[in-house]
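Quick note: the coordinates plus some simple rules give every number you see, no bench work behind them. This one's a predicted model, so the numbers in the text were calculated from it and none came from an experiment. Using ideal geometry, Cβ is built from the backbone for each residue, glycine included, and neighbour counts are taken over all protein chains shown.
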Amino acid sequence: MSWQLLLIALGLVLILEGVGPLLFPNRWRRYLLEVASQPTAIMQRLGGVLVVAGIVILIIFS
């Protein structure tokens, strides 16, 4: 994998992550407060699901 491709992927992630707070700052704040109030076990499961989904996507498209 080239560094250029990795930086492009990082740029796309930053753009997608920035759309929510840019367009809907109040909803984004409420969303973050709701997520922060969740139990640790739920957050760990969510993180695990996201990591597995990312790995599956990488395997499918590489």
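Against the longest principal axis of the chain, how steep is helix 25-36, in degrees 0 to 90 to the nearest 10, with axes from Cα atoms? Orientation of helix 25-36: about 90 degrees from the principal axis.
Taking the longest Cα principal axis of the chain as reference, the axis of helix 3-23 is set at about 20 degrees. To the nearest ten degrees, helix 40-61 and the longest principal axis of the Cα atoms of the chain are 20 degrees apart.
Hydrodynamic analysis of the chain uses the Kirkwood radius over alpha carbon pairs. Inserted into Stokes-Einstein at 20 °C and 1.002 mPa s, it gives a translational diffusion coefficient of 154 µm²/s.
Between Leu22 and Gln38, the modelled labels are 2.5 nm apart [label points 7 Å from Cα along Cα→Cβ].
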